[in-house]
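Participant: Let me give you the structure first, and then I'll get to my questions.
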Amino acid sequence: MPVDIDPNGIVGKIDHVVTTRDDRVRQEVGTIVGDKNPVTVSVSENLLEAATALNTIHKIVRHFYLLGKKTNSYFMLVQLQMLMPMIIQEADALVSAVDTFKLAQPLGDGIGAVIASRFMVGREKQTIARDTVLAVNEYKGRKLYVVKAEGPMAYVGQPGVGIRHVIEEMGVKPSAIIMIDAALKLEGEKTGEIAEGVGAAIGGIGVEKYQIEEVAAKHKIPIYAVLVKQSILEAITAMRKEIAEASDKVMTLLNRVIEEKTKEGDNVLIAGIGNTLGVSQ
Amino acid sequence: MIGSKSVVEKKQKYTVFTIEECPVCGQKTKREFQTGDYITKDGAKCTKCGNQTRISLIYAETTKPPK
Ligand SMILES: [Zn+2]
């Protein structure tokens, strides 16, 4: 990670490092897998990521366990013991994710991509950023510019770069940006519940969110968000029925947002965020 | 001691289904997921009107109702 004592311009640097890493991983995985099928390569990339995360958990738990033993620190071991249920839960989610990835089934996180794909089916697609596609559609006199990662590969794409491309390079002036994404629910909240709000709905390390906020603020475009709630386990394993069935409600809500927040003749930018494994367009 | 086993044992079994939807008459057919399925992929011919169906959803459902 880049030096952050002088944080000015750090997002660009983080982006650069992350993009270099992604390119390198894809190239190396491609060489190892020896398969030209982009779905297989992207799935292998994600499997490698899950394995890396599991290995990190293992190393950290082992570190504190051994350190506690070595220093005879009962409290360190007690702390570790108390955290174990949560750690096991997360590790368990990663293990379950492996099966879903292997079968290339849509993930809970793919709900944004599912919604975007409904607007893109049968339309002409163009690539606007790395693994990111755009299609133009119409709804009640509005021109819809729909962005999603390119499926059915296990990609998340670069929606930040894509949205900027549409606004600055293609010269489209949208009167609203609507983002659809999966959101982490709190314990006690229902899976598949829908939340509506404002602001850039996108997770990750913050690069994409920053890029979208930058371009939206510069051109004074309001950002609306539609979120489908789910747990971390549900987000990285095969999409649950409750989440899939929320898609019709999301479509209704989305249409209502478009009708309320924009006028006829306006341009609207719709971005389906999330891993698009098993969801084409 | 706080057991970490309870978390693991609660795991439910899920079966993944594919929904094929006819764009003309709207008929939906549910079948088990097959490798290679993805959303927007062409499905079988519609049993009602003979048009080309399309996979509209793929989701996991519990096989046994949770106790
Ligand atoms: Zn039909």
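The values are calculated or read from the model by the stated rules, or taken from the named source; none is laboratory data. None of these values were measured; they are calculated from a predicted model. Cβ: placed from backbone, ideal geometry, glycine included. Neighbour counts: every protein chain shown.
Here is a yes/no grid of residues against (1) farther than 16 Å from A:A154 by Cβ; (2) at pLDDT 95 or above; (3) of a type in the set (A, V, I, L, M, F, W, C):
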| site | (1), (2), (3) |
| --- | --- |
| A:M1 | yes, no, yes |
| A:P38 | no, no, no |
| A:S73 | yes, no, no |
| A:M86 | yes, no, yes |
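Participant: When the residues of the stretch A:249-278 are narrowed to those that are within 14 Å of chain B (Cβ to nearest Cβ) and in a helix (DSSP H, G or I), which ends up surrounded by the fewest Cβ atoms within 10 Å (Cβ to Cβ)? Steps first, answer last, please.
Facilitator: Applying the first criterion (within 14 Å of chain B (Cβ to nearest Cβ)) to the stretch A:249-278 yields A:249-251, A:272, A:274-278.
Subsequent filtering for residues that are in a helix (DSSP H, G or I) retains A:249-251.
Numbers: A:K249: 14, A:V250: 22, A:M251: 16.
By that ranking, first place goes to A:K249.
Participant: Take the conditions of a type in the set (S, T, N, Q), modelled with pLDDT of 95 or more and closer than 11 Å to A:V114 by Cβ and apply them to A:T276. Does it pass?
Facilitator: yes
Participant: Consider the stretch B:31-57. How many of its residues are part of a strand (DSSP E or B), charged (D, E, K, R) and within 15 Å of the ligand (Cβ to nearest atom)?
Facilitator: Summing the residues that are part of a strand (DSSP E or B), charged (D, E, K, R) and within 15 Å of the ligand (Cβ to nearest atom) in the stretch B:31-57 gives 3.
Participant: Within 16 Å of the ligand (Cβ to nearest atom), surrounded by 15 or more Cβ atoms within 10 Å (Cβ to Cβ), of a type in the set (A, V, I, L, M) and modelled with pLDDT of 90 or more - does that describe any residue in the stretch B:14-24?
Facilitator: yes
Participant: Tell me whether the stretch A:121-139 contains one or more residues that are within 13 Å of chain B (Cβ to nearest Cβ), over 30 Å from A:E28 (Cα atoms) and not small (G, A, S).
Facilitator: Yes, the conditions are met somewhere in the stretch A:121-139.
Participant: Further question on the same structure: Is there a residue being farther than 18 Å from A:L48 by Cα, within 13 Å of the chain's Cα centre (by Cα) and either assigned to a strand (DSSP E or B) or of a type in the set (A, V, I, L, M, F, W, C) (or both) anywhere in the stretch A:120-142? Break it down into steps so the answer makes sense when it comes.
Facilitator: Keep residues of the stretch A:120-142 that are farther than 18 Å from A:L48 by Cα, which gives A:120-142.
Still in the list and also within 13 Å of the chain's Cα centre (by Cα): A:131-132.
Narrowing further to those that are either assigned to a strand (DSSP E or B) or of a type in the set (A, V, I, L, M, F, W, C) (or both): A:132.
For the stretch A:120-142, residues farther than 18 Å from A:L48 by Cα, within 13 Å of the chain's Cα centre (by Cα) and either assigned to a strand (DSSP E or B) or of a type in the set (A, V, I, L, M, F, W, C) (or both): present.
Participant: Pick out the one residue from A:N46, A:N72 that is crowded, with 18+ Cβ neighbours inside 10 Å and either at the interface with chain B (Cβ under 10 Å from one of its Cβ atoms) or of a type outside the set (A, V, I, L, M) (or both).
Facilitator: That would be A:N46, the only listed residue that is crowded, with 18+ Cβ neighbours inside 10 Å and either at the interface with chain B (Cβ under 10 Å from one of its Cβ atoms) or of a type outside the set (A, V, I, L, M) (or both).
Participant: Take the residues in the stretch A:233-245 that are of a type in the set (G, A, S) and touching a helix residue (DSSP H, G or I) at 6+ places or on another chain (Cβ under 7 Å), then tell me which one is farthest from the other protein chains (Cβ to nearest Cβ).
Facilitator: Checking each candidate, the answer is A:A235.
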